Amino acid sequence: MSLSSEIERTGIHAGSPVRRVATRAIFFVTGMAMGLWAALVPYARLRTHSEAGDLGLLLLCLGAGSLLSMLGSGRIIGKFGCRVVIVAAVILYCLMLPLLAVFSDIWLLALSLFIFGMGIGLADVAVNVQGTLVEQAADKPLMSGFHCLWSVGGIAGAGGGALLLSAGITPLGSTFFAVVLVVALTAYSWRGMLPFGAHEEPAEGQPKARPNFRLILMAVMAMICFMAEGAVLDWGGVFLTQDRGLALEHAGWGFAVFAVAMSLMRLTGDAIVSALGRKRILIIGGILGIAGYLMVVLLPGWILPLCGFALVGIGAANIVPVLITLAGQEKVMPVNMAVAMVATLGYLGVLGGPALIGFIAHLSSLYVAFSAVAAAFLVITFGAYKLKY
């Protein structure tokens, strides 16, 4: 369905406030679902009597489900449209959330996590496609604000879940509150979801799914940015407690300052992108990522490395939103296929990056591993000069 015919049929422009509110709502609820799962992880470990290794395999099931659904998401979105795919994905992960709160059999929990991950992955790509189309129609930067709502949702899910659980609400009861909110916001957003998946189809005879050099470069840049985020999440606490003397009970501070800095930068990201332009955002973001990781590696104590993690969050905050926008502007592939490709390969950085860092650290040290991440940001800084704006 073309953009013009959709406007004639519904009277709602793709860049209208209704579309923007719906897009923000779906980013928020998907982030909230992931955040709630984070609050449920300790309870799942207790119910299943899992050791650390078993829990790691469980979490891998979530990532595997997300990646699998992302791989085919572009074609699915192109065929059924953003609205159908988003609603189906939301239903899928809402059905799984209560099961994640009650299953004590590790295999049933693994299967539920795999399906939950499929819903999350499919929703992530579909809402990014919708966000790209809405941003293009509005003709002004919006993507950083959309991604900010995912971060806010994650904080709300983890923090709200923790509050409910600490108040004596059971894990199952906490998922009930979350599902009700997710369903209500999704129903409210129905009218604002795009029923199509891309602005246009490729010209006749043009390959439908053949990325050019710029799309491949964007996917690699997104992968590096996600890898940097995964490195802070999985290894930041280990480094701060093992090598910088931070108390073990404060190990989460590294990711906390990173996440807060990233959320605040995304909150103002659209205005910053408008002021500086997308090219400068990528260049400056890459430089800040390098500087942040070098602060972590080179400066003594734990306070300055914490500032380094915050600097990485500031630099990385708007890189992926800008890359998603630029991917949607490439004409060699439909928007749904281009965005799905960059999002999917970028997600590989979250899955494979921490493992790679662990491998490097095993062969040498976390100092070397974090230095390698800093060097990888050079690809983002110099790659920015090769993209089309």
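Counting only residues that are part of a loop (DSSP other than H, G, I, E, B) and at pLDDT 90 or above, how many does segment 204-238 have? Residues in segment 204-238 being part of a loop (DSSP other than H, G, I, E, B) and at pLDDT 90 or above: 1 in total.
Being hydroxyl-bearing (S, T, Y) and surrounded by fewer than 19 Cβ atoms within 10 Å (Cβ to Cβ) is the filter here, so list the residues in segment 170-191 that pass it. Hits for segment 170-191 are T170, Y188. Tallying residues that are in a loop (DSSP other than H, G, I, E, B) and open to solvent by 20 Å² or more (accessible area, probe 1.4 Å) within segment 128-169 yields 6. hydroxyl-bearing (S, T, Y), closer than 25 Å to L60 by Cβ and either out of contact with any Phe, Trp or Tyr (no Cβ under 9 Å at 6 or more places or on another chain) or open to solvent by less than 10 Å² (accessible area, probe 1.4 Å) (or both) - does that describe any residue in segment 332-354? Yes - at least one qualifying residue is present in segment 332-354.
Scanning segment 29-53 for residues that are within 30 Å of Y188 (Cβ to Cβ) and either not in a helix (DSSP H, G or I) or not assigned by the TED database to the domain that holds W107 (or both) yields a count of 0.
Conditions tested, residue by residue: (1) aliphatic (A, V, I, L, M); (2) assigned to a helix (DSSP H, G or I); (3) touching a residue at least 24 places away in the same chain (Cβ under 8 Å).
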| residue | (1), (2), (3) |
| --- | --- |
| G346 | no, yes, yes |
| L356 | yes, yes, yes |
| S371 | no, yes, yes |
| K388 | no, no, yes |
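The values are calculated or read from the model by the stated rules, or taken from the named source; none is laboratory data. None of these values were measured; they are calculated from a predicted model. Heads up, the Cβs are rebuilt from the backbone with ideal geometry, glycines too, and the neighbour counts pull from every protein chain shown. For the accessible areas, the whole protein counts, side chains as well, though only heavy atoms, and no ligand, DNA or RNA atoms are used. Shrake-Rupley method; radii C 1.70, N 1.55, O 1.52, S 1.80 Å.
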